[in-house]
Amino acid sequence: MGIISNLAAGLTVIRRSCTRSHRQIIMSRRFHARRTDGVDKNVWVEFTQLAADYKAVNLGQGFPDFSPPPFIQEAFCKAVGGGPPMHQYTRAFGHPPLVKSLAKFFSRIVGHEIDPFEDILVTVGAYQALFCAFQALVDEGDEVIIVEPFFDCYQPMVVMAGGKAVYVPLRPKVEGGAVLSSGDWVLSAEELASKITPHTKAIVINTPNNPLGKVYKTEELQMIADLCIKHDLLCISDEVYEWLTYDGAKHVKIASLPGMWERTITVGSAGKTFSATGWKVGWAISSGHIIKHMKTIHQNTVYHSATAAQEAVAHGFEREYQLFGTPESYFQQLPAMLHHKRKKLASCLESVGLQPIMPEGGYFMIADISSLKVDLNDQSTKDESYDFRFVKWLIKEKGLATIPVSAFYSPEHSKEFDKYIRFCFVKEDSTLEAAENILRKWSQGQ
Ligand code: PMP
Ligand code: GLN
C-alpha cells in the first residue's frame with residue numbers, strides 16, 4: 001500500500017514537472033521576438049565563464065589585467081567627488097566637456113573641423129556606437145559587407161537591424177614562405193567589388209583589426225574608399241585600437257581620405273584608449289547628417305553613459321591634447337609597453353613550436369595550432385569546430401584561456417580558419433609568464 005501510494009505521488013510530481021517544462025517551452029516560443037533567433041551564442045559570455053570556472057590563466061578576453069594610468073584614475077576620483085551634477089544625468093548625446101575635448105582632439109587628426117554637438121555621439125562603449133550605427137543606418141533588406149576576420153558583434157547587429165551580412169575575407173598571401181605578419185593578410189579589390197550589389201548599404205572595416213592585428217595601409221583604405229564613393233556606400237570604421245601600432249605601422253583614418261568624411265562613421269572606445277574597459281565609454285564621429293539618426297536610436301535606448309566616467313575621459317583627452325607626440329603621452333606609452341609584451345608572447349609561442357602571426361597593431365596575436373596534436377574526442381563538444389574544441393580542452397586540461405579564431409568568421413568561411421587561436425597580450429608580465437610556464441611544461445611532456 002505504502003509503495004503504491006509513493007509511486008502514485010511520484011508519478012504526479014513527474015506529470016506536473018513535465019507539464020511545467022512543456023508549458024515553459026510553449027511560452028518561451030511565444031514570448032520572444034524572432035530577431036533573437038540564431039544570435040544567442042556569444043563567445044565572450046561562454047569563454048569568459050569557462051576561464052573563470054577553471055581559474056585559468058587568462059589570455060582570452062581582451063582587457064588589461066593592470067590598472068589604468070594614474071592620471072585617468074585621479075580624473076575619475078575627482079569626477080566622483082565633484083558634487084551633485086557628476087552623479088546626475090548629463091546631455092544625452094555626450095557630456096559637454098567630453099564632446100568638446102573629443103572634437104578638439106580628433107579635428108587635428110582627421111583634418112576636418114568636427115562640431116562637438118553635431119558630429120559626435122558618446123555611447124556606452126564602442127559596442128553601443130556600433131549598435132546605434134546599424135540600427136540607424138541599415139534598413140530591412142540592406143546588405144552590409146563585413147571584412148573577415150571581424151569583431152563578432154557586427155553580424156548579429158546587422159541581422160537584428162533586418163539587414164543581411166555579406167562577407168569578404170582577408171586572405172594570407174603566401175609567396176614562397178610562411179605568413180609571418182598580419183600585413184601579409186590582404187583584401188582583394190576584385191573580390192570586394194564583386195560583393196557589391198544594388199542592395200549594398202555599407203562596408204564595415206576594423207583597423208587595427210581584432211583578432212588579426214592588421215593595420216590597413218593608406219592604399220588599402222583608398223581602394224575601399226574608392227568603392228564606397230563609386231557605389232555611394234557608407235563605411236563603418238571600427239578604430240578602437242587606433243593608438244596601438246608597432247614597428248612603424250601607422251594608423252590612418254579612412255574618414256580623413258578625400259570624399260570620405262561625409263560617408264564614414266568612425267567608432268572609438270575610451271576603454272581601449274585609457275585601459276579602462278569597465279567604464280564603457282565610447283563614441284561615434286561622423287558628419288552631422290549621419291549622427292542625427294544615430295542620436296534617435298541612442299535617445300530611445302540608453303539615453304547616455306555614466307556622467308562621471310565621461311568627465312574623466314574628457315580630462316584624459318585634454319591631457320593627451322597637450323602632450324600629443326611627446327614621450328609622456330599615454331598614446332605613446334601604452335604601445336611602447338605593449339611592444340615588449342607582444343615580443344614576449346611571440347617568443348614564448350615560438351619556443352613551444354607554435355607559429356604566431358605578428359600583429360602590426362591591437363593587443364591580440366593569433367597562432368596556428370595545427371602542429372599540436374591533442375586528443376579532442378570529448379563527446380560533449382564533438383559538433384563544434386576544431387578551434388572551439390581545442391580552446392575548451394586547453395582551459396580544462398592545461399588551465400590556459402585563449403579564444404577560438406573561427407568565432408571571428410562567418411559560418412561559410414569559419415572552417416578555413418579553425419586552425420588558429422587568439423592570445424591577448426595586454427596582460428601583466430606575470431600573467432604572460434604563467435602562460436609561458438604552462439606551454440613550456442606541456443611542450444616538455446610534463
Ligand atoms: N570593437 C572592437 C574591435 C573590439 O575589440 C571591442 C571590444 N573592446 C569593441 C568594439 C567594443 O568596445 P567597448 O568595450 O568600448 O564597448
Ligand atoms: N573586445 C574584447 C575582445 O576582443 C572583448 C569583448 C567582450 O568581452 N565582449 O576580447
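Every read-out reported here was derived from the displayed coordinates using simple, explicitly stated rules and does not represent laboratory data. Note that this is a predicted model, so its numbers are computed, not measured. Note: ideal-geometry Cβ built from the backbone for every residue, glycine included; neighbour counts use all protein chains shown.
What are the pairs, 6+ residues apart or on separate chains, where a residue within the stretch 49-72 that is closer than 23 Å to Trp393 by Cα and touching a residue at least 60 places away in the same chain (Cβ under 8 Å) has its Cβ under 7 Å from a residue that is surrounded by fewer than 20 Cβ atoms within 10 Å (Cβ to Cβ) and of a type in the set (Phe, Trp, Tyr)?
Gln61/Trp44
Can you pull out the residues in the stretch 173-202 that are closer than 23 Å to Asp226 by Cα and either assigned to a strand (DSSP E or B) or among the β-branched types (Val, Ile, Thr) (or both)?
Within the stretch 173-202, Trp185, Val186, Ile196, Thr197, Thr200, Lys201, Ala202 meet the criteria.
Tally the residues that are of a type in the set (A, V, I, L, M, F, W, C) and more than 16 Å from ligand 1 (Cβ to nearest atom), restricting the search to the stretch 391-408.
6
Where in the stretch 40-141 are there helices (runs of 4 or more DSSP H), lying wholly inside it, with at least 3 residues that are within 15 Å of ligand 1 (Cβ to nearest atom) and surrounded by 14 or more Cβ atoms within 10 Å (Cβ to Cβ)?
43-53, 125-137
Only one residue in Thr277, Thr296 is under 23 Å from Gly316 (Cα atoms) and in contact (Cβ under 8 Å) with a residue 60 or more places away in the chain. Which one?
Thr277
Do you know which residues across the stretch 210-235 are touching a helix residue (DSSP H, G or I) at 6+ places or on another chain (Cβ under 7 Å) and within 16 Å of ligand 2 (Cβ to nearest atom)?
Pro211, Leu212, Gly213, Lys214
Could you tell me which of the residues Lys164, Lys100 is within 23 Å of Ala407 (Cα to Cα), among the basic types (Lys, Arg) and out of contact with any Cys (no Cβ under 7 Å at 6 or more places or on another chain)?
After ruling out the rest, the residue left standing is Lys164.
Condition check ((1) of a type outside the set (A, V, I, L, M, F, W, C); (2) in contact with a Gly (Cβ under 7 Å, 6 or more places away or on another chain); (3) under 22 Å from Gln332 (Cβ atoms)) across all residues:
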{"site": "Lys250", "(1), (2), (3)": "yes, no, yes"}
{"site": "Pro258", "(1), (2), (3)": "yes, no, no"}
{"site": "Trp261", "(1), (2), (3)": "no, no, no"}
{"site": "Thr266", "(1), (2), (3)": "yes, no, yes"}
{"site": "Gly271", "(1), (2), (3)": "yes, yes, yes"}
{"site": "Phe274", "(1), (2), (3)": "no, yes, yes"}
{"site": "Trp279", "(1), (2), (3)": "no, yes, yes"}
{"site": "Ala284", "(1), (2), (3)": "no, no, no"}
{"site": "Gly288", "(1), (2), (3)": "yes, no, no"}
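Kindly provide the set of residues from the stretch 251-289 that are out of contact with any helix residue (DSSP H, G or I) (no Cβ under 7 Å at 6 or more places or on another chain) and more than 30 Å from Phe76 (Cα to Cα), ordered by number.
If the condition is that a residue be out of contact with any helix residue (DSSP H, G or I) (no Cβ under 7 Å at 6 or more places or on another chain) and more than 30 Å from Phe76 (Cα to Cα), then Pro258, Glu262, His289 are the ones that fit.
Would you pick out the residues in the stretch 302-341 that are on the phi > 0 side of the Ramachandran plot and among the polar types (S, T, N, Q)?
If the condition is that a residue be on the phi > 0 side of the Ramachandran plot and among the polar types (S, T, N, Q), then no residue fits.
Please find, among Pro198, Pro149, Pro211, the residue that is without any contact (Cβ under 8 Å) to a residue 40 or more places away in the chain and not aliphatic (A, V, I, L, M).
Pro198
Tell me the strands (runs of 3 or more DSSP E) entirely within the stretch 203-313 that contain at least 2 residues that are among the basic types (Lys, Arg) and surrounded by 21 or more Cβ atoms within 10 Å (Cβ to Cβ).
Per the criteria, no element qualifies.
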